[in-house]
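Presented below is the structure to which this report refers.
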Amino acid sequence: MDPAIDKIILTDSKIEIIAEGFEWCEGPLWLENEKILLFSDIPRNTIYKWSEKNSAEFYLKPSGYTGNVERGGETGSNGLLLDMNGSLILCQHGDRQIAKMRSPISQPRARFTPIAKYFKGKKFNSPNDATYNSKQELYFTDPPYGLEKGMDDSSKEIAFQGVYKIDPYGNVKLMIDSITRPNGIAFFPKEKQLIIANSDPSKPNWYIYNVKDDGSLFNGKIFYSAIGIDKKQKGLPDGLKIDSKGNVFATGPGGVWIFDKSGKQLGKIKLAEASSNCALSADEKTLFITNHMQVLRIKMR
């Protein structure tokens with residue numbers, strides 16, 4: 001869509017399937033020290049790991065729902081990330097919380113410490129995706145996708161779908177309550193702006209907010225809108241990542257949309273199935289994509 005894309009992705013790059021046979025992949029996280037990719041399979045309540053040597057292997061179960069009562073819906077973990085100490089942080093749909101795995105990355109155990117479970121005494125819907133800033137404040141989105149009946153679930157305690165911030169002491173603050181289905185979330189370099197994806201088919205937009213010194217958000221507006229896109233293209237604005245140059249890799253209708261920092265669309269990695277999220281390698285030369293039942297890889301410059 002723009003010649004600038006050739007500076008990001010090689011013109012002869014191939015989309016590789018590196019793992020497949022899952023139900024719905026999400027939350028990819030590249031671990032540079034271990035040279036492995038973690039990703040969630042939400043319906044299976046399981047995290048898998050992938051490496052060049054061993055391909056995809058089991059990593060952790062349960063990952064998002066630890067209860068004893070059988071339930072349906074999207075129970076597993078979704079977004080995965082590391083805190084400043086290298087501990088695994090999970091957005092847990094089934095347990096409706098942000099939690100930390102208590103064991104080391106190299107010795108995974110399904111033992112979790114909640115970081116945040118309530119807002120003003122009410123349970124979250126189902127924390128979905130998250131990102132840290134340099135102050136170790138955790139911003140996360142809370143749509144209803146992990147509830148068995150979504151918006152109509154009788155256990156839903158919060159009327160809106162919020163975007164929250166958890167400070168290093170565990171205090172939770174509501175940042176936004178106006179986005180109908182907040183999903184992917186990421187800071188631009190220097191943390192002066194933040195993008196939030198809205199996976200609402202009636203408002204398939206990516207929003208951008210300015211960030212004040214105290215971390216609050218203001219001057220929200222549409223960064224890019226997918227309204228009017230051919231509905232045959234599978235997927236909605238979902239997970240996203242931003243590289244060190246401010247380029248945005250955002251899963252959306254028909255694949256992974258690539259924008260520059262001004263919101264100009266440079267190109268798209270076209271995919272037949274709905275893509276949910278992506279992750280960059282440490283050197284930003286590889287993009288991993290969770291694409292429904294598959295995990296993909298594409299080499300970049």
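Where a number appears in this text, it was derived from the coordinates with a stated rule and is not lab data. In this text, all values refer to a predicted model and were calculated from it rather than measured experimentally. As a convention, Cβ positions derive from the backbone with ideal geometry for all residues, glycine included, and neighbour counts pool all protein chains shown.
Can you flag which of K232/K268; K49/K221; K49/K123 are past 25 Å Cα-Cα? In this structure, K49/K221; K49/K123 lie more than 25 Å apart at Cα.
Database remark: amide H of T286 closer than 5 angstrom to the amide H of S281, M300 (H placed geometrically; neighbours at sequence offset of 5 or more, or on other chains; Pro and chain starts carry no H). Working note: Karplus 6.51/-1.76/1.60 with θ = phi - 60° gives segment 132-145 the couplings 8, 9, 5, 8, 6, 8, 9, 9, 8, 9, 9, x, x, 5 Hz, where Gly and Pro are set to x. Neighbours of C278, meaning other residues whose beta-carbon lies under 15 angstrom from its beta-carbon, give a summed charge of -1 when Lys and Arg score +1 and Asp and Glu score -1.
The dipole here belongs to the chain: it is taken about the Cα centre, uses +1 on the Cβ of Lys and Arg and -1 on the Cβ of Asp and Glu, and is about 300 debye. Place a point 7 Å from Cα of N219 in the direction of its Cβ. Which residues in segment 163-194 have their backbone N less than 13 Å from it? Residues 192-194 fall inside that zone. Alpha carbon centre of segment 79-123 versus segment 127-180: separation in Å? Centre-to-centre distance over Cα atoms comes out at 14 Å. Segment E157..D83, full-extension length gain: 23.8 nm, with 0.36 nm per residue of separation and the alpha-carbon distance subtracted. Taking the Cα centre of segment 183-239 as origin and assigning +1 to Lys and Arg Cβ atoms and -1 to Asp and Glu Cβ atoms, the resulting dipole is close to 220 debye. By the count of neighbouring beta-carbon atoms within 10 Å, fewest first, F39, F218, F187 end up ordered F218, F187, F39. Cβ crowding within 10 Å ranks F188, F223 as F188, F223, fewest other Cβ atoms first.
Taken about its Cα centre, segment 38-99 carries a charge dipole of about 60 debye when Lys and Arg each add +1 at the Cβ and Asp and Glu each add -1 at the Cβ.
Between F223 and W206, Y207, I208, the built amide H atoms are under 5 Å apart, and every one of these is 5 or more places off in sequence or on another chain. Average projection, convex hull of the Cα set of segment 200-244: 4.4 square nanometres.
Normalising by residue count, segment 1-91 has a Cα convex hull of 154 Å³ per residue. Site pair E52 and D283 shows an inter-label distance of 0.9 nm when each label is modelled 7 Å from Cα along Cα→Cβ.
Three principal axis extents of the chain based on alpha-carbon atoms, in descending order, are 51, 46, 38 Å.
Exposure proxy for M300, M84: other Cβ atoms within 10 Å of each Cβ, ordered fewest to most, give M84, M300. Rg and Dmax of segment 96-187, based on Cα coordinates, read 13.5, 40 Å.
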